[in-house]
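A.B. asks: Dropping a structure here in structure tokens format, bear with me for questions.
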Amino acid sequence: MSEAIGQPTRPARRTSRLKQLYQTKRTRRIAVFLACGLLAYAVWVAVRWQAIPGTGDPLWTIPWWSKLLLLGALAAVFFALFRLGGWLIRDARKLYAPSTGLRSSATSVRWYRYMNPVGPLYNLYRNRDLLRQFTQREIEGRYRGSYLGIVWSMILPLMMLAIYTFVFSVIFKAQWQQGVETSQGEFALTLFAGLIAFNIFSECISRAPTSITVNPNYVKKVVFPLEILAASTLGAALFHSMISIAILIVATLLIMGTFSVTIVLLPLAMLPLIGLCLGLGWFLASLGVYVRDTAYAIGIVLQVLFFMSAIFYPVSAVPEALQPIMYLNPLTTIVESFRRVLVWNQSLDWEPWLVVTLISSLMLLLGYTWFMKTKSGFADVI
């Protein structure tokens, strides 16, 4: 007899397994939706005192059925975002599956698959060990062979801070705001906070056009994630910025006698800057391979941005008709955010911050897509 008496047949066992899998998925979805409901309730508790537009009454005064509809809509939105996130993660895993050992080519991959917002993060996470090693090499290699070593990371910002402070507050007698008396120390701290943000951007962008051309051996290897080169440069820039931020905190305590508690918002202030540096870094790294003049042009652009990013002056000092043009530069909002959380003990200006974060996120995805679609031709050019 092919099957023992009392034992389920093979199709029956397969059907039972599929049914069990379906029940497991259904249970997981129910649990996720309940968690989304709890999150929606937490959001309701946080915003229920907000005024209803046009009436001025708080939100908690709406009828009970309106509350249920609002909570249900929020839970449905969170659940949809959760499902979308799960699909994006699965797609990123398929796209960046381990290669077979041959040189990977992006020509067969549709460009829009690289627009997956989870893709760059997952790719960097997958190569995190290599990224950490290259970032450490960037940090150690900068002052290799010098006697003071990493101490230069503290000396250079202090020297530049002293020079700029002397020129603008002593020679030019500049005040940060007209009609508001500020000491030289406060002017120096305000200036230094803006310089920290710009120095991160400048270091990443100035080195991006040559990051591929100075490493031809990595291009010609069988499998090497070239996209981590721009990310490692950003990691080194962030490390050195932490030293400058530590100096700024100590100087704030000594000069102003206070400490900015809103410094906890610094990661949020850095978020659009990181996206901007990565997106432009990937784009310029690819462009620098095909157009070698890019590195020279970037030097001029950085000099222009240095004086057009409201580092040495507030935006309010610019004529009112030109202020919207100043805000077209994302660095203006980023520099302002650094000052608010590091020196002025103020929260972020959320509306401009959100706009700049969305723009930098889009630039990150576009720069990453450009890099991944063009890197297959690097070996032929180099």
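FYI, it's all coordinate maths here, none of it is from the lab. Being a predicted model, the structure only gives us computed values, none of them experimental. Here Cβ is always computed from backbone atoms with ideal geometry, including for glycine, and neighbour counts include all displayed protein chains.
A.B. asks: For the pair Trp64 and Arg128, what calculated FRET efficiency results from E = 1/(1 + (r/R0)^6), where r is the Cβ-Cβ distance and R0 = 41 Å, to the nearest 0.05?
C.D. replies: 0.25
A.B. asks: Stretch Ser316-Asp57 to full length: gain in nm at 0.36 nm per residue minus the Cα-Cα span?
C.D. replies: 89.8 nm
A.B. asks: Further, regarding this structure: I'd like the chymotrypsin sites (Phe, Trp or Tyr not before Pro) in region 257-340 restricted to DSSP loop residues with at most 14 other Cβ atoms within 10 Å, sorted by number.
C.D. replies: Phe259
A.B. asks: Still on this structure, I have one more. What is the calculated FRET efficiency for Asp293 to Trp344, with r their C-beta to C-beta distance and R₀ = 41 Å, to the nearest 0.05?
C.D. replies: Efficiency at R0 = 41 Å is approximately 0.50.
A.B. asks: Further question: Tabulate in residue order the Karplus-calculated ³J(HN,Hα) for region 281-290, using 6.51 cos²θ - 1.76 cosθ + 1.60 with θ = phi - 60°, rounded to whole Hz; enter x for Gly and Pro.
C.D. replies: Per residue, the Karplus-derived 3J(HN,Hα) values read x, 5, 5, 6, 4, 6, 5, x, 6, 8 Hz.
A.B. asks: Which length gain, in nm to one decimal place, applies between Glu351 and Leu302 when the Cα-Cα distance is subtracted from 0.36 nm times their residue separation?
C.D. replies: 15.0 nm
A.B. asks: How charged is the neighbourhood of Lys373? Take every other residue with its Cβ under 11 Å from the Cβ of Lys373, and add Lys/Arg as +1 and Asp/Glu as -1.
C.D. replies: +3
A.B. asks: Fewest Cβ neighbours within 10 Å first, please rank Tyr112, Tyr125 accordingly.
C.D. replies: Lowest to highest Cβ neighbour count: Tyr112, Tyr125.
A.B. asks: To test your reading of the geometry: what angle, between 0 and 90 degrees and rounded to tens, separates the Cα axis of helix 152-165 from the longest principal axis of the chain?
C.D. replies: The angle comes out near 50 degrees.
A.B. asks: Here's another thing I want to ask about it. Distance from the Cα centre of region 309-328 to that of region 348-382, in angstrom?
C.D. replies: 25
A.B. asks: Using Cα atoms only, what is the angle between the long axis of helix 228-255 and the major principal axis of the chain, expressed in degrees (0 to 90) to the nearest 10?
C.D. replies: 50
A.B. asks: OK, next. Taking Cα atoms, how many degrees apart are the long axis of helix 184-207 and the longest axis of the chain, rounded to 10 and kept between 0 and 90?
C.D. replies: Rounded to the nearest ten degrees, it is 50.
A.B. asks: Given the -39500 (n - 2.57) contribution per DSSP H run of 4+ residues, what per-residue ellipticity at 222 nm results for the chain, rounded to the nearest 500 deg cm²/dmol?
C.D. replies: -22000 deg cm²/dmol
A.B. asks: Can you give me the C-alpha center-to-center distance between region 207-251 and region 28-64, rounded to a whole angstrom?
C.D. replies: For region 207-251 versus region 28-64, the Cα centre distance is 43 Å.
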